[in-house]
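Here the structure comes first, spelled out in structure tokens, and everything after it is commentary.
The values are calculated or read from the model by the stated rules, or taken from the named source; none is laboratory data. Keep in mind the model is a prediction, meaning the values are calculated, not measured. We place every Cβ from the backbone using ideal geometry, glycine too, and count neighbours over all the protein chains shown.
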Amino acid sequence: MEWAVSAYVLLSKGGYAMIPLMACSLISVAVIIERLYTLSKAQVDVSETVRRAEDALYEGDTNRAVEILSSQDSPVTRVLIAGIQTKHLGERGAERAMEEQGTIETRNLTKWLGALDTIITIAPLLGLFGTVTGMISAFHVIASKEGISTPTAITGGVAEALIATATGLAIAIFTLVGYNYLQERIKHIVAEMEARGTAMVNVLADIHERLRHEDKRLSA
């Protein structure tokens, strides 16, 4: 508990700039935790599910393919379902449907990341603001009659300036690391969506080609 008390005392000396800085830190931690939880559910192995769905498509059972994919809810399976449900529009129509669904999924994955980006920029500025107010306070004490006789009052203003700066930088660094990590995980999910979508277009094209050859054979 002593470290918590010491941290509180230290932060309380940072001046008014510490209020928005603490708000930034809470928002940053909350968003990072929430996004990690969301991405952990989204980034799952769907290889076996997709294989079974493709087998169902080759057997001509579209409803079964959709049912199989729906059993493992993820951004990738939702994109593939969009393509399968519009396969009657041809490969191009299915591809457009998957692209549209992919855009929706990407938007959902990147939700709240804008807040982190803002905190990365604004936290050092808030720290700088605290530095300015702290130095103003220190110079104000120096200019007063009691300034020379009360050196602790001067150092209090300097401490406010340094604490605010350090806190702003610490929050920005922490948020930047979390932001970049989340971006990398999102890139992997988006890349898989694109790869699986392309593979599904090829499967649908192959099925259409087989059906066309079968129709030709029967009509011959």
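Is it fair to say R217 is surrounded by fewer than 14 Cβ atoms within 10 Å (Cβ to Cβ) and more than 29 Å from L80 (Cα to Cα)? Answer is yes for this residue.
Residue count for region 58-86 under the criterion of being surrounded by fewer than 21 Cβ atoms within 10 Å (Cβ to Cβ) and either part of a helix (DSSP H, G or I) or within 24 Å of the chain's Cα centre (by Cα) (or both): the result is 12.
Taken across region 171-180, residues that are farther than 30 Å from V44 by Cβ, at pLDDT below 65 and among the β-branched types (V, I, T) do not occur at all. All of E91, E99 fail the test of being closer than 21 Å to E192 by Cβ, at pLDDT below 95, acidic (D, E) and part of a helix (DSSP H, G or I), apart from E91.
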